[in-house]
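One structure is given below, encoded as structure tokens.
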Amino acid sequence: ERSVDTVVQIALDFKAPKDAKPFVGGPHEADKLIKPGASVSEFSGTDTSGKPITLRAVQAKATKGVVLNFWFAACTGCVAEMPYLVGLSKKLYSQGIALIGVNPVDDPGAAKRCEKRQGLPYPTIVGPAASKLKATAGVVAFPVTVVLDPTGTVVDAMMSFDQERLERALGKLGYRP
């Protein structure tokens, strides 16, 4: 007989890459996160392959908005949400919304290996531009997802994975599941 106090343990089949860096957050992380209505200005940087990426270029192709997903390779929550984001990315692109990863923690090689392992079909910004975006968005814990409208205004910013909330924010951009 089991009571409601029974503890359930879940084993994660996850091994962080040897060169992945740990992250330690502080209290009240969500209080520092960028708020809806704030603006994300133009950014430029490179992805894990060294290709340039700018907000303006992304917005030219993704006319309804942009989703920024902040992650790093040793973040179990980040890696756990990736299969959902992989499936979502194809639907988003077909509806004029871009999904871009932002990895301000790992070096480009570690980020690229994680991208390949997880099958990410979308680019990930790394290096100084990723660190600047992290500061702009007030990211102090991971994962974080920020949804921007076509002008770069924040529709929603959420810490951790919340599929329902993400889909509500995407709905404001015209996304239909």
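Just a few scattered comments:
- Which numbered condition LYS132 misses (of (1) within 16 Å of VAL67 (Cβ to Cβ); (2) open to solvent by 10 Å² or more (accessible area, probe 1.4 Å)): (1)
- Number of positions in region 107-129 that are under 30 Å from ASP31 (Cβ atoms) and open to solvent by 10 Å² or more (accessible area, probe 1.4 Å): 7
- Scanning region 71-90 for residues that are part of a helix (DSSP H, G or I), among the aliphatic types (A, V, I, L, M) and buried (at least 19 other Cβ atoms within 10 Å of the Cβ) yields a total of 4.
- All conditions but one from (1) in contact with a helix residue (DSSP H, G or I) (Cβ under 9 Å, 6 or more places away or on another chain); (2) in a helix (DSSP H, G or I) apply to ALA141; the one that does not is (2).
- Which numbered condition GLY45 fails, given (1) at pLDDT below 95; (2) in contact with a Phe, Trp or Tyr (Cβ under 9 Å, 6 or more places away or on another chain): (2)
- Residue satisfying condition, being under 22 Å from VAL139 (Cα atoms) and of a type in the set (D, E, K, R), within set LYS61, LYS112, LYS91: LYS112
- Residue in region 129-146 that is out of contact with any Lys or Arg (no Cβ under 9 Å at 6 or more places or on another chain), polar (S, T, N, Q) and more than 23 Å from ALA60 (Cα to Cα) present: yes
- Conditions (1) closer than 26 Å to GLY174 by Cα; (2) assigned to a loop (DSSP other than H, G, I, E, B); (3) under 11 Å from the mean Cα position of the chain (by Cα); number of the one not met by ALA157: (2)
The values are calculated or read from the model by the stated rules, or taken from the named source; none is laboratory data. Note that the structure is a prediction, hence the values are computed from the model and not measured. Note: ideal-geometry Cβ built from the backbone for every residue, glycine included; neighbour counts use all protein chains shown. All accessible areas refer to the heavy atoms of the entire protein, side chains included, with ligands and DNA or RNA removed. Shrake-Rupley method; radii C 1.70, N 1.55, O 1.52, S 1.80 Å.
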